[in-house]
1. Please state which of the following conditions Glu321 fails to meet, knowing it meets all the rest: (1) in contact with a His (Cβ under 7 Å, 6 or more places away or on another chain); (2) within 21 Å of Val294 (Cα to Cα).
2. With respect to Ala274, is the statement that it is in contact with a helix residue (DSSP H, G or I) (Cβ under 6 Å, 6 or more places away or on another chain) and within 19 Å of Leu332 (Cβ to Cβ) true?
3. I'd like to know if the range 318-328 contains one or more residues that are of a type in the set (A, V, I, L, M), within 23 Å of Glu233 (Cα to Cα) and in contact with a Ser or Thr (Cβ under 8 Å, 6 or more places away or on another chain).
4. Scanning for something touching a Phe, Trp or Tyr at 6+ places or on another chain (Cβ under 7 Å), of a type in the set (Gly, Ala, Ser) and at negative phi, does the range 371-378 turn up at least one residue?
5. Out of all the residues in the range 104-132, which are in contact (Cβ under 8 Å) with a residue 40 or more places away in the chain, closer than 18 Å to Ser71 by Cβ and of a type outside the set (Gly, Ala, Ser)?
6. Quick test for you: out of Asp128, Asp105, pick the one residue that is on the phi > 0 side of the Ramachandran plot and at pLDDT below 80.
7. Determine, yes or no, whether Thr334 is touching a strand residue (DSSP E or B) at 6+ places or on another chain (Cβ under 6 Å) and closer than 24 Å to Lys360 by Cβ.
8. Being at negative phi, surrounded by 15 or more Cβ atoms within 10 Å (Cβ to Cβ) and at pLDDT below 90: is that true of Thr334 here?
Amino acid sequence: MDPASEEPTFATSLEQVASALAPLRASGSPAGLAQAVTRLVTKAAAAACRVDVVESAADGAPTALTLLARSVRPGRAELADAAMDLGGDGALAGIAVVVEDPARDLSWVVIPLVAHRRTIGSIRVVLDGSAAPSASALAFLHHIASSLAIGLSAAELHTQAAHVSRRLQESLLPHALPQAEWFEVAARYVPATAGMHVGGDWYDAQLIGPEELAFSVGDVAGHGVEAAARMGELRSAMTALRLLSRTPDDLIGLLHRISDPAGDFATALCARVAPSGGFRWASAGHLPPIVLRVAGTAELVAGHQSPPLGTGTKGTVVQNEFPISPGDTVLLYTDGLIERRDEPLDASLARLLSHVAAAKGLAPEDLLDAILAAREESGSTGDDIAMVAVQLRPRAAARAG
């Protein structure tokens, strides 16, 4: 067949690949994006495709290309390997290279990946036949390279932003949890599965003297840096106010008074537990605690609630009390653990109770892991999650009684 008659099919395939790049540009990791592109190009029009990224010296000057992803059409590995490591040096200088190799009956194209006037790598496409691709085919390859460069740059920025946001979130949460012989405590923060990995959920735990543990969870509406900053303000205020107030109801009341009605909407639950088994809590519009009995039953702890923070309420906050026994575990959590758009809240809470009850006999660390594993199996809401679990140790509680 005349090679010229095959050109429209070749070009059309590359155009389809270029169109397929659009939804990939701003999502995924750099390696994942590059692998997707190499597979698309190989499937459409090439014997093999390889993407390399630039390694730089300390002064920022490019020094070498390192493999990021490659794809080879089945049955063409030997042919592709002959060209994969050849003719790519020009990419470091931002120069495109086209090589014809009649002896091997192949050709290949190396095109620099340039984003924001900086060469960040190269894409190499190995073609069957020694004839160089036409001007229209090269134009499509350059379009693919341009799209890929933009995508890799955006993916790298996304990865860096996600890393910074995770560090920000970690800096706003407790670096360590308190310890004492009469209780065991564990906590988890799980970021949302989409967007910036930072949000307004928090947990906290603080030993108030030797005989009382204060712990809490909260949730500022929204996501992103603003929600995280507001969360940091509330958690810091709560930690400071505990020095002035020894009861959860007073603490929630103080948070209501310092919360700006024009600010962010937030919920919070503050609790205290003592070696004797006394469990006290107060809530600002938050989901109720769960108590896992040592016998294996799990129950929601119903009680009075005040409105959420930021609603401008100045009313009296009621403290709730609930007895717990040696071996019992108290679980506080945020709504990301349970909420689903396709089911009512009661059904979501019932499912959580069954997951908690199924984890009977576990220490707090293992309990939280089991709850998160069950949540993944039943479906993720994509929202942030904060949890804290406190277990009263049997032998210490018995000694205190």
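The values are calculated or read from the model by the stated rules, or taken from the named source; none is laboratory data. Note that the coordinates shown come from a computational prediction; the quantities given were computed from them, not determined experimentally. Don't worry about glycine lacking a Cβ; one is built from the backbone with ideal geometry, like all the others, and counts go over all protein chains shown.
1. Tallying (1) in contact with a His (Cβ under 7 Å, 6 or more places away or on another chain); (2) within 21 Å of Val294 (Cα to Cα), Glu321 fails exactly one: (1).
2. Answer is no for this residue.
3. The answer is no; no qualifying residue exists.
4. Start the filter on the range 371-378 by keeping residues that are touching a Phe, Trp or Tyr at 6+ places or on another chain (Cβ under 7 Å), which leaves none.
Looking for residues that are touching a Phe, Trp or Tyr at 6+ places or on another chain (Cβ under 7 Å), of a type in the set (Gly, Ala, Ser) and at negative phi, one finds none in the range 371-378, hence no.
5. Answer for the range 104-132, where residues must be in contact (Cβ under 8 Å) with a residue 40 or more places away in the chain, closer than 18 Å to Ser71 by Cβ and of a type outside the set (Gly, Ala, Ser): Leu106, Leu113, Ile123, Arg124, Val125, Val126, Leu127, Asp128.
6. Numbers: Asp128 fails: on the phi > 0 side of the Ramachandran plot.
Going through Asp128, Asp105 in turn, the sole match is Asp105.
7. Yes, satisfied.
8. no
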